[in-house]
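Take a look at the structure set out below.
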Amino acid sequence: MAHLYSYGSKSEGILGVASTEKKPAPMQMAAATKLAANNDAASLEHLSQLVAHDMAQVNELILARMQSPVTLIPQLAGHLIASGGKRLRPMLTLATAALCGYRGVRHHRLAAAVEFIHTATLLHDDVVDESNLRRGVDSANALFGNKPSVLVGDFLFSRAFSLMVEDGSLRVLEILSDAAAIIAEGEVQQLMTSNDLATTEAAYLNVIRAKTASLFAAAARIGAVVADRPPQEEEALGQFGLNLGLAFQLVDDALDYAAEQEKLGKNVGDDFREGKMTLPVILAVAHGQTHAEERAFWQRTMEHLDQNSADLARAQAIITAHNGIADTLARADEYAAAARASLLQFPPSPIRQALLNAVRFAVTRGY
Ligand code: IPE
Ligand code: IPE
Ligand code: MG
Ligand code: MG
Ligand code: MG
């Protein structure tokens, strides 16, 4: 798709800030030293590098625990897991544990549980959203069908809970089981606001807080729990994750209209085709309130889902005319600032800096 928005060229993220390649190669020592010195990088590389050793253990656990004698299960789960993903949420658990001075190995199991919950929600999400592209390849539902995708999603959820039970902390179980229920609530709330032009920004924020930010919050919070840190540190990391998750989903919703599809690895326009009331649309609808032709356009396309092949480009043009992408990204920046403020309560360290870089990545990314 042609790049319709002026937020960057092919090698740049949505805000025109250079972003890294999708799957960074392992770094040489010299490059690693240079990167460690780069405190402004809007990148996940610094963080991936610092948690690389732990993440290798997490990946082993993920591969071991997705196995089943029912061959379709590892086949389908393996398809999604092998196609990559940023591993952002398990990185949060590993990094916040490190930030809190944790030295053991409990966080490996918990990070694997967090990624399993995320993977399960993606399997379910692509069925609900009727999406056929994920991580740059055919989605599991497109390849294997809806029924196995839903059921393997359930399997992965269950495996996440087994990992938590093995860890044995009721507090962690409480945090992650609450998050799993809240994600489902968010997805159902979102169904209820789809195709409804009267959806408010507040209702939208409730949806993204539940469906996305709650898992980021839980992932970050359990780092403090395994390290046995006091409640105010647990709370600070929970707030950090929550605000990062809000920023992350706001950017995701901007990217759904403004990304380069190849870099995104998902279809641009899926939210429009489903009539999802995300912030770019909510802002465009609000600003075009008195514009009869625009109003009729949104009613036909979003409320009645009566769409033709030219409609996505028209929606993108209306959104642009009302600054819908820029304003959504500005909102994401506000949450990113709140996330940074929570981190700044912790003493400076390389891992704190890597997390600050990850916040910048979340709001400047193109994928
Ligand atoms: C996708 O999350 C789902 C959203 C909350 C937007 P990610 O963008 O973290 O997906 P992967 O794991 O990197 O593919
Ligand atoms: C996903 O939201 C939220 C979940 C955590 C399931 P989206 O539906 O926007 O995610 P993508 O864009 O398909 O990854
Ligand atoms: Mg989706
Ligand atoms: Mg969805
Ligand atoms: Mg999306």
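Details
- Scanning segment 209-246 for residues that are touching a Leu at 6+ places or on another chain (Cβ under 6 Å) and within 16 Å of ligand 4 (Cβ to nearest atom) turns up A213, F216.
- Residues being in contact with a strand residue (DSSP E or B) (Cβ under 7 Å, 6 or more places away or on another chain) and touching a residue at least 24 places away in the same chain (Cβ under 8 Å) - total across segment 96-138: 2
- Residue check for R314: out of contact with any strand residue (DSSP E or B) (no Cβ under 7 Å at 6 or more places or on another chain), farther than 27 Å from A213 by Cα and of a type outside the set (F, W, Y): yes
- Among residues of segment 260-273 that are within 14 Å of N132 (Cβ to Cβ), those with a Cβ under 6 angstrom from a residue that is of a type in the set (G, A, S) and more than 12 Å from ligand 2 (Cβ to nearest atom), sequence gap 6+ or separate chain, pair up as G265/G136.
- Condition broken by G186, with the remaining ones in (1) more than 14 Å from ligand 2 (Cβ to nearest atom); (2) touching a Lys or Arg at 6+ places or on another chain (Cβ under 8 Å); (3) within 22 Å of R273 (Cα to Cα) satisfied: (1)
- Residue within segment 280-294 that is in a helix (DSSP H, G or I), within 16 Å of ligand 4 (Cβ to nearest atom) and free of Cβ contacts under 8 Å to residues at least 60 places away in the same chain present: yes
- Residue list for segment 93-124, restricted to those being hydroxyl-bearing (S, T, Y) and crowded, with 22+ Cβ neighbours inside 10 Å: T93, T96, T119, T121
- Number of positions in segment 200-215 that are out of contact with any Gly (no Cβ under 9 Å at 6 or more places or on another chain) and either of a type in the set (D, E, K, R) or buried (at least 22 other Cβ atoms within 10 Å of the Cβ) (or both): 2
- Taken together, the residues in segment 248-269 that are assigned to a helix (DSSP H, G or I) and within 13 Å of ligand 1 (Cβ to nearest atom) amount to 11.
- Look at segment 196-208: where a residue is in a loop (DSSP other than H, G, I, E, B) and a partner is surrounded by fewer than 16 Cβ atoms within 10 Å (Cβ to Cβ), sitting 6+ places away or on another chain with Cβ atoms under 7 Å, you get L197/Q299; L197/E303.
- Scanning segment 155-195 for residues that are among the hydrophobic types (A, V, I, L, M, F, W, C) and without any contact (Cβ under 8 Å) to a residue 40 or more places away in the chain gives V165, L170, L173, A181, I182, A184, V188, M192.
- Residue in segment 267-284 that is farthest from L305 (Cα to Cα), counting only those that are buried (at least 22 other Cβ atoms within 10 Å of the Cβ) and near ligand 2 (Cβ under 10 Å from one of its atoms): T278
- Candidate set: segment 247-270, residues that are of a type in the set (D, E, K, R) and over 10 Å from the mean Cα position of the chain (by Cα); chosen: the one nearest to ligand 4 (Cβ to nearest atom): D270
- Top-ranked residue of segment 136-166 - restricted to ones that are in contact with a His (Cβ under 7 Å, 6 or more places away or on another chain) and of a type in the set (G, A, S), ranked as farthest from M66 (Cα to Cα): A140
- Index of the failed condition, A313 passing every other in (1) assigned to a loop (DSSP other than H, G, I, E, B); (2) away from ligand 5 (no atom under 16 Å from the Cβ); (3) of a type outside the set (K, R): (1)
Every number here is computed from the coordinates shown, using simple stated rules; none is lab data. As the structure is a computational prediction, the values presented were derived from the model and not from experiment. Using ideal geometry, Cβ is built from the backbone for each residue, glycine included, and neighbour counts are taken over all protein chains shown.
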